[in-house]
1. How many residues are in contact with a Leu (Cβ under 6 Å, 6 or more places away or on another chain) and either facing another protein chain (nearest Cβ under 8 Å) or of a type in the set (A, V, I, L, M) (or both) when one looks only at the range B:577-594?
2. Here's a check for you: in the range A:134-148, which residue that is among the hydrophobic types (A, V, I, L, M, F, W, C) and more than 8 Å from chain B (Cβ to nearest Cβ) is farthest from residue A:173 (Cα to Cα)?
3. Here is a check on your reading of the model: is residue C:64 outside any strand (DSSP E or B), away from chain B (no Cβ under 14 Å) and either touching a residue at least 12 places away in the same chain (Cβ under 8 Å) or under 29 Å from residue B:585 (Cα atoms) (or both)?
4. What pairs can you find where one residue is in the range A:135-155 and more than 20 Å from residue A:10 (Cβ to Cβ), the other is in a loop (DSSP other than H, G, I, E, B) and of a type in the set (Ser, Thr, Tyr), and their Cβ atoms are less than 7 Å apart, with a gap of 6+ or different chains?
5. Looking at the range A:60-84, which of the residues that are more than 14 Å from chain C (Cβ to nearest Cβ) and not in a helix (DSSP H, G or I) is surrounded by the fewest Cβ atoms within 10 Å (Cβ to Cβ)?
6. Condition first: touching a residue at least 60 places away in the same chain (Cβ under 8 Å) and among the hydrophobic types (A, V, I, L, M, F, W, C). Now tell me which residues in the range A:225-254 satisfy that.
7. Could you go through the range A:85-93 and let me know if any residue there is more than 7 Å from chain B (Cβ to nearest Cβ), among the aromatic types (Phe, Trp, Tyr) and touching a Ser or Thr at 6+ places or on another chain (Cβ under 6 Å).
8. Scan the helices (runs of 4 or more DSSP H) fully inside the range B:127-228 and keep the ones with 3 or more residues being at pLDDT 90 or above and in contact with a helix residue (DSSP H, G or I) (Cβ under 9 Å, 6 or more places away or on another chain).
Amino acid sequence: MTDLQIRILVAVCYVVLAPFIAGLLDGFDRKISARMQGRKGPSIFQPFYDIKKLFGKQFLSAYRLQLVLVLTYMILVVMTGVLFYAGLDLLLCFFSLSTAVMFLILASSATHSPFSSQGTHREMMQMMAYEPMVLLTAVGFYLACDTFSVNEIIKSDIPAICYLPGFFVGFVFILTIKFRKSPFDLSTSHHAHQEVVKGVTTEMVGKEYAMTTITEWYEVVFLLGVVGLFFITSNPWSILWTVAAILAVYFLEILIDNVSARVKWQLMLKLAWSVTIIAGGLNLFILTLINR
Amino acid sequence: MDKLVTILICLPFVMAVLPAIIKNSKARAAVVYLCGAIVMALSVFTAVKWAMAGGKAMDFNLPYTEVFDKIILVGDFLLMFLIIYLSFKWKKGIISFLSIIQTLLVAGIELFGPEVEEKAVIHMDWLTFIMILIIGIIGVAIGIYAVGYMHGYHIHHHKELTDRRSFFLAMIFVFYGAMFGLVLSQSLIWLYFFWEITSVTSFLLIGYTRSEEAINNSFKALWMNLLGGLGIAVAIAYAITVQGTANLYDVISLAGAHNAARGALIPIAMLAFAALTKSAQFPFSGWLLGAMVAPTPSSALLHSATMVKAGVYLLLRLAVVMNNNYVGQMVYLVGGFTFLAASCLAITVSDGKKVLAYSTISNLGLIVACAGAGYQETVWAAVFLIIFHAVSKSMLFQCVGAIENTTGSRDIEDMQGLIMRFPKLAFILMIGIAGMFLAPFGMLVSKWAALKAFVDARSALMILFVVFGSATTMFYWTKWFAKILGVNPNKSRDLTKPNEYISMFFHAILLVALCVCFPLVSKYVVLPLTGEMYGNASAVISQGNIIVMVIMIVALLVIPTFCYLLTRNAGVKEVMAYMGGDNAGDNVRFLDSVGEPKELQVSNWYMEDVFGEKKLFTPSVIISTLIILVLLCTIVGGAF
Amino acid sequence: MAKIEKSPWLLHYDGSSCNGCDIEVLACTTPVYDVERFGVINTGNPMHADIFLVTGGINSQNAEVVKQIYNQMPNPKVVLAVGTCACTGGIFKECYNILGGVDTVIPVDIYVPGCAARPESIIDGVVQAVALYKEKQKTWKKEEKTEKGA
């Protein structure tokens, strides 16, 4: 198979398989969380039951255009992942992701519902908190591998993490925000203990909520792909330790979720930006110094 | 070509007389439309004619150059007397000293200083080409908008103000002429003259309403711009006395030579300093914020088409000699810092025009930083930033102006649910905002290129400025964007004039067209430009990625439409938004504890305690002043 | 119970209860009873809920609220009255401000008696609600149509 065919195949696999992979991960997440809390927990297929049920619900809406915006959000996120798994420019993927998130924000703020608006504002705050590190991650890969192209990065001989430990720490840190895990589940949470009801997704009913959830899954697979990018090399066996590393990071996120309490946005902004500057910035300085 | 350029520069000055003497408002409007159309046609014709002729850089003299030289000398003094008169009239006499010093310096050197070799005064190349098109198309569109806007301004909203529309429209034409002159001249003395005209006209336009605030702000703009003018005057004096030339390109090539004299950077630094004041970088950002008291067309004109672009234009000219030296360092540090600081400050303000002002400062900061870095890639990015910024910003200003004329408020909080009240205005506003920060529209592409160029330059500090600046930029645009969509039960009449809409839709179409034609613009305009400056030209963003971006643009336009069609027939049952079950019959009111309906207000975050103007503005001014002072001292001190 | 129906999301509303039943409802989510093993999520949002779980009676102030929340829940939906007060008004029935049980304002599908209702019986109620939910899944579209026709 030619290079191009493989890239197209991977992208198609992403579109087809991502929801199943992320859905299963979500199922394991709920099971592991339950076990950490001394409960039995639901079946690992529970997320799929939820989706199936949500699609069967009556469709209510407080704002007609919301469905359009949610659907656009979903298509754009899928497109982002396709760009990534087809091996295109990493920075382009991140830009396209933030454009997609814009549509989520529009969808939830359009209803003028107090809870949903509050969630939206927090979502924007989260975006501001993680965006520098996200862009910096792309910069880091460029410094390590001399290209933004994902297809080139995966062909390097040494895993990027060797050059980018600081960037990795920063990226995993902001993944907690991106995955909506405690202590940074400000805008909406996967658990019911929210004071903003369901935050950004409050006004999304039935299939809208199902689509948002599936979109989140696509996003999770994309972001985990970026985590994998830190580890993968031209050696085919590297896929093994890449998958191991991805699972380890995901487990770490579950652990953080279960051992921490939610913080205020001020602290989140401060922490996220400090980690970005200290871990990412320091690594960046060193790289620019040694690699002129 | 020389005749065409002469007409291009002189005609707007002559035309300025017409609106000034015609007092009938209908007739004046017709004259302004006609003159505007002529200027636009002429500028496009000149630019296209030059490009069709092969797009080679050209140097030439105007017919009667000696006469023009005399006119300029007299003009310098006239401007000086005007400034002296006005500053004493409004009891700000001290400001006139700045003007006196620089005018006497320039005139003295010119008359009594050493003879300089006669050189061509006009230079035409790709950068000039772009600037002429921006001034000719965007500038004139704003002029057309101004006619309708000023009508609404005086007739509907500010009945108490003296109607000085004749003066206003005349000043706009003076602006066109000065800007054309500025981007075309290569003689520093000519450049200085046109520079001063733009400073003075902007001063007059800011003080248009003659309220106390307007007068104060106009003088603030005046002294800051005069300080920049002083920079040019010093550069001229140094160039003539030490280097024996009064030509911008000679000064540049002297500084760029391998065996450059140690002082050769001094005039460059002085010119760069002038450009920093003009492009409203910290610590000179105050004047641009103050300019917001002026009626919208003048703030739009000041921002997008002329004043601030004059500063970055000059910096781009100097970019070749700013690579890897102290001048470049001064410029890109100030620019990068301004990009971040201004975008943080933009978060905390809710006045629509002020947000636009801060975002202008911030975007200019990025352009300045790109120019200061002085690499071919950064110049490529800077030129794109200039183009996209000019179009989207002037559109946004016009839109906010129209909203203010219609609703009586330009506060972002009052734009809740604009899409329901004034769909057309909201639509334009959304395109403009999307153009400012969303992938894959223009500004973001340029930001991408800038980021890549800074990474290539291994400039860690600049990378941090750009990534943090991008995050804060995204925040303040997003919260505005989100405000426009939504529910608002209040209905009112749209007072926007058709000619305002013509101008705004023209901009909107132009913006989308520019985004879609991005690869073409890059290939046929911007790459020749960087090639001209650096000898070789290579695209910063690979062709493949640019194509992906264009596909994304089309997708962004198509997907929502497609989704709309897909969901049009979805059986939806409308319900009320969730307010704890306490809605009082709709989505905007709820029942309070005694059962009375209360209105629900959803307000954005402004985070004054984190990024507040009070907290950040003064430190930003201090830091940037320090950067400039330290590096200027290093440059000047290093020369001796 | 087929696995596919295992996703009942609860909305817990506290009317004029003494909070006894509320504590028992929350007890269901603790490790001892762990209703999440049936896929139950205690959501706070009517838009996402399938089962409307009400404790306590209806008074003149919350009657409108209960109606509104009920209307904001998408079909199919099941209403579960938990505790004696929710079923009939209970010990507060004769109070000046109490209208009665939940069924005075919205149709109740399943009654779970007890003062306070024990977690076991609450879970039993929920499981019955899930069965009913499955029934309603088949019929709600038809009902909707006949409603529209009428």
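1. Within the range B:577-594, residues that are in contact with a Leu (Cβ under 6 Å, 6 or more places away or on another chain) and either facing another protein chain (nearest Cβ under 8 Å) or of a type in the set (A, V, I, L, M) (or both) number 3.
2. Taking the range A:134-148 first, the residues among the hydrophobic types (A, V, I, L, M, F, W, C) are A:134-136, A:138-139, A:141, A:143-145, A:148.
Now drop any that are not more than 8 Å from chain B (Cβ to nearest Cβ), which leaves A:134, A:138, A:141, A:144-145.
Details: A:134: 11, A:138: 15, A:141: 17, A:144: 20, A:145: 22 Å.
Applying the filter and picking the extreme gives A:145.
3. Details: outside any strand (DSSP E or B): yes; away from chain B (no Cβ under 14 Å): no; either touching a residue at least 12 places away in the same chain (Cβ under 8 Å) or under 29 Å from residue B:585 (Cα atoms) (or both): yes.
It is false that residue C:64 is outside any strand (DSSP E or B), away from chain B (no Cβ under 14 Å) and either touching a residue at least 12 places away in the same chain (Cβ under 8 Å) or under 29 Å from residue B:585 (Cα atoms) (or both).
4. Between residues of the range A:135-155 that are more than 20 Å from residue A:10 (Cβ to Cβ) and residues that are in a loop (DSSP other than H, G, I, E, B) and of a type in the set (Ser, Thr, Tyr), the close pairs are A:144/A:163.
5. Restricting attention to the range A:60-84, the residues satisfying the condition of being more than 14 Å from chain C (Cβ to nearest Cβ) are A:64-65, A:68-69, A:71-84.
Of the ones still in play, those that are also not in a helix (DSSP H, G or I) are A:64-65.
Numbers: A:64: 14, A:65: 18.
For the range A:60-84, the residue satisfying everything is A:64.
6. A:226, A:229, A:230, A:231, A:232, A:249, A:251, A:252, A:254
7. Looking only at the range A:85-93, we keep the residues that are more than 7 Å from chain B (Cβ to nearest Cβ), and these are A:85-87, A:90, A:93.
Filter again for among the aromatic types (Phe, Trp, Tyr), leaving A:85.
The next check asks that each one be touching a Ser or Thr at 6+ places or on another chain (Cβ under 6 Å); those that pass are none.
Scanning the range A:85-93, I find no residue that is more than 7 Å from chain B (Cβ to nearest Cβ), among the aromatic types (Phe, Trp, Tyr) and touching a Ser or Thr at 6+ places or on another chain (Cβ under 6 Å), so the answer is no.
8. Working: elements: B:140-152, B:165-184, B:188-206.
So the answer is B:165-184, B:188-206.
The values are calculated or read from the model by the stated rules, or taken from the named source; none is laboratory data. What you see is a predicted model, and the numbers here were worked out from it, not measured in a lab. Reconstructed Cβ throughout: ideal geometry from the backbone, glycine too, with neighbour counts over all protein chains shown.
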